[in-house]
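Notes follow the structure.
The values are calculated or read from the model by the stated rules, or taken from the named source; none is laboratory data. Predicted model only: the values in this text are computed from it and were never measured. We work out accessible area using only protein heavy atoms, side chains counted, and drop any ligands, DNA or RNA first. Shrake-Rupley method; radii C 1.70, N 1.55, O 1.52, S 1.80 Å.
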Amino acid sequence: MRILVVEDEHRIANSINKGLEQETYAVDVAYDGESGYDLASTEDYDLIILDRMLPGMDGIKISQKLRKEKIHTPILILTAKDQTRDKVEGLDSGADDYLVKPFAFEELLARIRALKRRPVKTVEDTLEVGGLRVNTRTYEVRREGKTIKLSQKEFALLEYLARNANKILSKDKIISHVWNYDSDILPNTLEAFIKNLRKKIDQPFPKRQPLIHTVRGFGYKLSSDG
Ligand code: CA
C-alpha cells in the first residue's frame, strides 16, 4: 500500500509519515500543492492524504483536477476547520472522506483502513486467496488453520500481492508499492523476499497448489489457479 501525503506543516507531515511507515505503508510526502499535484498525477498511489489549505494549489483544487483527469485514487482531505461548508466542499470536489485537525493518529489509521477496504472485496479486514487468509487489521496470516509468522516487510509484500490477487505485477510496480519511492531496493532484494515468503506460505503445504507464481523476466502473481 503506497500513500502520498500532501501537507505543508512539516511537523504534521513528518509525524504522519513516521506513523504510517511504522504501519508498513510506503509513504511519499509533498510539502506544497504544486509538487503534491505533480506526484499525484504522475505516480501510482493507493491513497492520497491531502491537506485542505496548502500553498500553491489548495487541496480542493488538487482533488478536482485529479478527478477531472480520471484519476480515481481514494482521497482523504485533512481540514483545520470544523465547518460544514468545508466538508461539503471537500466531498463535492471528489474526495472520499475528510478528517478534522487535530486528530488522533488511531482515527487516521481507521479512516485509511476504511478507504482501502473499498476497492477489493474483504470480509472483516481479511483478504483470502486459495485458503490463505491475510488479516490487514491484526496482521495475522493463516493457511490451513496454521498461523504463519511474517516480518513487517514480508507482510506488506504479501498484503500487496493478495490485494491484487490473480494479477501479474511487475517487479518495479511491487517495489514502488511496498517500499518507498526513494529507497534503493533492487530486484534482487525483492527476489529474496519472495523466496522467504514461499518458504513460509507455500513450502509447508506441499499437498496444496503453490500460491506465489513467477512470471519469468517480468514479475509475480499470487493466485490459487496457476
Ligand atoms: Ca496547511
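A helix-only calculation puts the chain at -12000 deg cm²/dmol for mean residue ellipticity at 222 nm, using -39500 (n - 2.57) for each DSSP H run of at least four residues, averaged over all residues. Expressed to the nearest 5 percent, the antiparallel share of DSSP beta bridges inside the chain is 50 percent. Structure remark: mean-square fluctuation, Gaussian network model of the chain, C-alpha springs under 10 Å; the largest value among Tyr45, Tyr25, Tyr139 belongs to Tyr139. Estimated at 0.36 nm per residue, the fully extended path between Val100 and Lys200 surpasses their Cα-Cα distance by 31.9 nm.
With 32 Å as the limit, the listed pairs Lys61/Lys149; Lys101/Lys200; Lys101/Lys153; Lys116/Lys195; Lys61/Lys116; Lys65/Lys195 have Lys61/Lys149; Lys101/Lys200; Lys65/Lys195 beyond it between alpha carbons.
Rounded to the nearest 10 square angstrom, Thr214 shows an accessible area of 80 square angstrom against a 1.4 Å probe. Legend: residues Val215, Val134, Val88, sorted from most to least accessible area (1.4 Å probe; ligands, DNA and RNA excluded), read Val88, Val215, Val134. Across the protein chains, with a 1.4 Å probe defining accessible surface, the residues His213, His10, His177 rank His10, His213, His177 from largest area downward. Length gained on full extension, Leu186 to Arg208: 4.9 nm, using 0.36 nm per residue less the C-alpha separation.
Arg198 sits with roughly 60 Å² accessible to a 1.4 Å probe, with DNA, RNA and ligands left out of the calculation. Length available on full extension from Lys18 to Ser170: 0.36 nm per residue minus the Cα-Cα distance, which gives 52.0 nm.
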